[in-house]
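Asker: To start, I am sharing the structure in question, which I have written as structure tokens.
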Amino acid sequence: LSQTKPLASVLKDVCDAWSLPNAERYALQYADGRQIYITESNRRDIKNGSILRLTTSPDQEAEQLYIGIQSKNVDVKTDSLKKLASLSQDVTFAQEFISRNGLKQIYSIVEEGKDTGEMLAHTLKAFTELMEHDFVSWDNLSTVFIKKIVSYVNMNTVDASIQQLSLSILENMVPTSRLLFEVVKKEVTLDRLLTHLQATNAQLQLKAMALLIALLLSATDAERRDMLDYLREKNIRQFIHKNIIHSSKPLGDEMAHYLYVLQSVSLNLCEHRMKMSMDPYSQDQRDLLQSLRQTAFELESEVPAGTFSTERRRSLCAKEFRKLGFMNNSNPAEDLRRAPPGLLALDNMVYFSRNTPNAYSRFILENSSREDKHECPFARSSIQLTLILCEILHIGEPCSETAQAFYPMFFGQDHFFQELFCICIQLVNKTWKEMRATQEDFDKVMQVVREQITRTLSLKPTSLELFKTRVNTLNYSEILKLRQTERLHQEETLAVPVLKLREKLKPELLELIRQQRLLHLCEGTLFRKISSRRRQDKLWYCRLSPNHKVLHYGDVEEGVQSPPIESLTEKIPVADMKMLLVGKECPHTKEKSSGKQNK
């Protein structure tokens, strides 16, 4: 194919060579793969080595099929629809067919509803492909047509391939207009979709999930909340966890994406509370705040109201809020004014105190009894942790159109966000102790906790229990090790050539170190004498002889820098030494620990 000649003259040459009249009735198309027609606009995409074939031109093909699908002969009609379904993927053909008002014929086949089985499947497939090209608006569809498609989804007796195609058509229809969304939402109930989700046919299951997700994404916030509540009542989470995530068949990319979206829209229900600051005048919110104090200090607080003056009660409350770790203990609501995490942090703290009261009390009491600067502030940590979890789980962010990163454990647990918080807030306390942190280290601790959570989540634990075990084994010292290894990798210290060079230089370096140590011994060192009264004013000096055979030592006066070897009267031949004791092995440290008089 000469890329410089116009296609029309190329076709003329080919037709002349084969003595075919009317070159304008022919076109070139790819012989393999998707059999797309070659046009002036796409001819530059042809790769070297592609095989092209001569075929009927798209306008001729469209004309023939337009007549063929209206044929009274069943075989001709079926074959025409089958061919139409495959050719409609090509944009040039689709344009020709639609310009002949071909869609009207497809509508009438569906609306009349006489044809079923294979013929209907080809018709729906052709319709889907033609609509993909976006030449025609979905708003043009008649109510009768939509009702027909809906009926195929709602009937039990219809062939699975037709149900799949019908679900797919509705899924594409829903996002295009509010009106179509309302029609589909009303006609195809969630119960019906759940029935399809439980089908053994994987394709049918996938298409049902796709429509469910399309409905959720097109709904308003209130509608979405209602739909998710209903799905929760129907235990969709347990079903997905057991039959889709843990099914024997591997999970495809498309299903993984739908599960990611479902997780995302479910978690985004928290967004409303996350963006709402605490209102100090709201009685409900103040009650929640007080319940935190009462749960932690109920015994101390059970003093009849009359016994204390208002002033004394106020200072007692402030003291208790300080023990709870609020920065602003006289008015703790101030701490919750920052949004995000807003009221979501308060909800999490209350959930933790009510659902795991023992762990909550332990956290508060343990930190009340630590020194002031070493206590881990519960409220401040909870507020920051809630923010970190919102960032890690992308709460309040729009769904990505391609992501597939869902957490299998999300579907293994009711109240996932709150339960995750309960595990992580206890992790904060544990890491705080491991780091021996003080108030100044707060940000450092939270940074480590964020790393513990993200590293554990990246392992995709299948349940919260497994997450809990793994995140707790990933303690502070493990994090430090990982950080160091990663730093070494970044600096290429662990690269094979570097390691080889290291091994090669090692003997030379060790010899250098040995020489340097011997020189240091020959120079000698000044020591203080420790007497029984712990007086430290007398000095003695020790050095190695130049031939490295004898240690010379003796008392010296203050101010002598390096005494000559002859002035050191005592000596020990190196050959007489049996062993060298260091650290805890030395007799004077052993005696000290046994409480004997220090020699």
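The values are calculated or read from the model by the stated rules, or taken from the named source; none is laboratory data. All values derive from a computational prediction rather than experimental measurement. For neighbour counting, all protein chains shown are included, and Cβ atoms are generated from backbone atoms with ideal geometry for every residue, glycine included. SASA here: full protein model, heavy atoms, side chains in, ligands and nucleic acids out. Shrake-Rupley method; radii C 1.70, N 1.55, O 1.52, S 1.80 Å.
Asker: Looking at (1) over 31 Å from the mean Cα position of the chain (by Cα); (2) modelled with pLDDT of 90 or more; (3) of a type outside the set (Lys, Arg), find the lone condition where residue 223 falls short.
Answerer: (1)
Asker: Then there's this: Only residues in segment 158-182 that are under 16 Å from residue 116 (Cβ atoms) and at pLDDT below 90 count as the first member; pair them with residues that are open to solvent by less than 30 Å² (accessible area, probe 1.4 Å) and acidic (Asp, Glu), Cβ under 6 angstrom, at least 6 apart or cross-chain, and list the lot.
Answerer: Within 6 Å, no pair qualifies.
Asker: Say we look at segment 151-161 and pick out the residues that are closer than 13 Å to residue 124 by Cβ and of a type outside the set (S, T, N, Q); which of these is least open to solvent (accessible area, probe 1.4 Å)? Show your work before the answer.
Answerer: Within segment 151-161, the first condition is being closer than 13 Å to residue 124 by Cβ, and the residues that meet it are 151-153, 158-161.
Among the residues that remain, those that are also of a type outside the set (S, T, N, Q) are: 152-153, 158-160.
Working: 152: 18, 153: 0, 158: 25, 159: 84, 160: 33 Å².
Per the stated criteria, the residue is 153.
Asker: Taking segment 359-382 as the region of interest, how many residues are modelled with pLDDT of 90 or more, in a helix (DSSP H, G or I) and open to solvent by less than 10 Å² (accessible area, probe 1.4 Å)?
Answerer: Of the residues in segment 359-382, 7 are modelled with pLDDT of 90 or more, in a helix (DSSP H, G or I) and open to solvent by less than 10 Å² (accessible area, probe 1.4 Å).
Asker: Say we look at segment 28-45 and pick out the residues that are surrounded by 15 or more Cβ atoms within 10 Å (Cβ to Cβ) and of a type in the set (A, V, I, L, M, F, W, C); which of these is farthest from residue 9 (Cα to Cα)?
Answerer: Among them, the one singled out is 36.
Asker: Scan segment 553-595 for residues that are surrounded by 10 or more Cβ atoms within 10 Å (Cβ to Cβ) and at pLDDT below 80 and report the count. Show your work before the answer.
Answerer: Our first condition is that a residue be surrounded by 10 or more Cβ atoms within 10 Å (Cβ to Cβ); within segment 553-595, this holds for 553-556, 560, 562-563, 565, 567-568, 570-574, 581, 585-586, 588-592.
Retained after the next criterion (residues that are at pLDDT below 80): 588-592.
Qualifying residue count, segment 553-595: 5.
Asker: Consider residue 497 against the criteria (1) of a type outside the set (Val, Ile, Thr); (2) open to solvent by 80 Å² or more (accessible area, probe 1.4 Å); (3) in contact with a Leu (Cβ under 6 Å, 6 or more places away or on another chain): it satisfies all of them except one. Which criterion is unmet?
Answerer: Evaluating residue 497 over (1) of a type outside the set (Val, Ile, Thr); (2) open to solvent by 80 Å² or more (accessible area, probe 1.4 Å); (3) in contact with a Leu (Cβ under 6 Å, 6 or more places away or on another chain) leaves (3) as the failure.
Asker: Out of all the residues in segment 458-493, which are among the β-branched types (Val, Ile, Thr), open to solvent by 50 Å² or more (accessible area, probe 1.4 Å) and over 15 Å from residue 407 (Cα atoms)? Talk me through it step by step, then tell me what you get.
Answerer: Of the residues in segment 458-493, the ones among the β-branched types (Val, Ile, Thr) are 462, 469, 471, 473, 479, 485, 493.
Remaining after also requiring open to solvent by 50 Å² or more (accessible area, probe 1.4 Å): 462, 469, 473, 485.
If the condition is that a residue be among the β-branched types (Val, Ile, Thr), open to solvent by 50 Å² or more (accessible area, probe 1.4 Å) and over 15 Å from residue 407 (Cα atoms), then 469, 473, 485 are the ones that fit.
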